[in-house]
Structure formats: C-alpha cells, structure tokens
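What follows is a set of notes on a single structure, which appears directly below.
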Amino acid sequence: MNKDLTDAEFLVLGLVAEMPRHGYQLEQVIEQRGMREWTQIGFSSIYFVLSKLEKKELICSEKPTRTKAKKIFTMTDAGHEVLVSQALAALREIRPTYSSALLGMAHWPVLERGQALEALRVRGEAVNAEMMRVEDILMDKQPLPDFVEALFDYSIGQLKAETEWIARTLDYMNTKPWI
C-alpha cells in the first residue's frame, strides 16, 4: 500500500478521521472552514478522492440501506496510521514551493528597469489585496476551531512576509544601478 498521499487525499482523510461523513458533508466542512484558501480541492474531485482512499483501504464505506441514502465513509486503522504519519511529516518537513515571481526575477535581465520595478509594485498591490481578502474571510467564518484559525494565520503571515520582501526589494532596486 502506497502511504504517500496527495494533498487532496490528505485533506479528505483528515476530515473523515474527525467523524464518518458522506461526500456532500465533506464539501460543507471544506466550505465552512474556508479550506479552499489554503489547499486545492474541487467539489467534483471529492468523490474521486474518496474512491482512491477506499481503494488504498484507508477508509471504508457503509452501503446505504435506503436507495436515496448517501454512502458514509469511515477511517480504517490503516488510514489512521497513515494520517498520523503524514501529519507529523507535514509539520516537521519543509516542502519547497515555487512562486512565479522567482521565474520572473530570473529573467529580469531581459526587462527594462522601469518594467521590472512596476511589475513588482503591481505584485505588491495584488499581495496586499489578497491579504485583505483572506483576513475578511477569516472574520466572516468566525467562530472557527483554533487549528483552523492557525491555518488562516499562517497564510496571512506568508502574505505579510511577501509584502515586506517586495517593499525591501523595491527600495533596494531603486538605489542600485541596473545591470
């Protein structure tokens, strides 16, 4: 059994671990907690992910007794082991992320100075707008469990760090010759 989970599998497995749920309930929790602000999972992929987790024997489903009843998914012991292992690894390890800004900077030599600095200034405005949007979502979703608050705080902290980096970089680049 492959123990490495995709981010979507990891997310869904964790939600099933909280309590047995059917696919629509998973969608409701994802929406209520604003989870799409920090992970990519579409409504249409939830059932696909549930099927993959079931094939890996990390969850199992109860056959509905009524014809219109929804299939309820429950975590298996193997699923619990994988979830704990992957959660601990995710907290301990750094996984690199690759921003398009890095590729843009790698190609600054083909840009005119004014173009590059203006593009970075516009990016700064976009990052500030995104930070305000995420902060608004956080306020609208209240009250949230502490761990969900921490997820939003992490995202906001990342955006603040990028805002500060952009300001420092613009200041620095405005004082240096363009080579």
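The values are calculated or read from the model by the stated rules, or taken from the named source; none is laboratory data. Owing to the predicted nature of the structure, the values given are computational and were not obtained by experimental measurement. Ideal geometry is used to build each Cβ from the backbone, glycine not excepted, and the neighbour counts take in all protein chains shown.
Overview of values
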quantity	calculated
All positions within segment 114-134 that are within 19 Å of the chain's Cα centre (by Cα) and either of a type in the set (A, V, I, L, M) or within 12 Å of I166 (Cβ to Cβ) (or both)	A126, V127, N128, A129, M131, M132, V134
Residue in segment 82-89 that is out of contact with any Ser or Thr (no Cβ under 8 Å at 6 or more places or on another chain), closer than 16 Å to D4 by Cα, of a type in the set (V, I, T) and outside any helix (DSSP H, G or I) present	no
Residue count for segment 28-65, restricted to those that are over 19 Å from E149 (Cα atoms), in a helix (DSSP H, G or I) and touching a residue at least 12 places away in the same chain (Cβ under 8 Å)	9
From the options G124, G114, G157, residue that is part of a helix (DSSP H, G or I) and within 23 Å of G34 (Cα to Cα)	G157
Out of S85, S61, sole residue that is touching a strand residue (DSSP E or B) at 6+ places or on another chain (Cβ under 7 Å) and either surrounded by 15 or more Cβ atoms within 10 Å (Cβ to Cβ) or in the same structural domain as R21 (by TED's automatic domain parsing) (or both)	S61
The one condition in (1) in contact with a Phe, Trp or Tyr (Cβ under 8 Å, 6 or more places away or on another chain); (2) buried (at least 16 other Cβ atoms within 10 Å of the Cβ); (3) not charged (D, E, K, R) that A90 fails to fulfil	(2)
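Every residue, every condition in (1) surrounded by 11 or more Cβ atoms within 10 Å (Cβ to Cβ); (2) assigned by TED's automatic domain parsing to the domain that holds T163; (3) within 27 Å of P177 (Cα to Cα), yes or no:
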position: H107; (1), (2), (3): no, yes, yes
position: E112; (1), (2), (3): no, yes, yes
position: E125; (1), (2), (3): yes, yes, yes
position: V134; (1), (2), (3): yes, yes, no
position: L144; (1), (2), (3): yes, yes, no
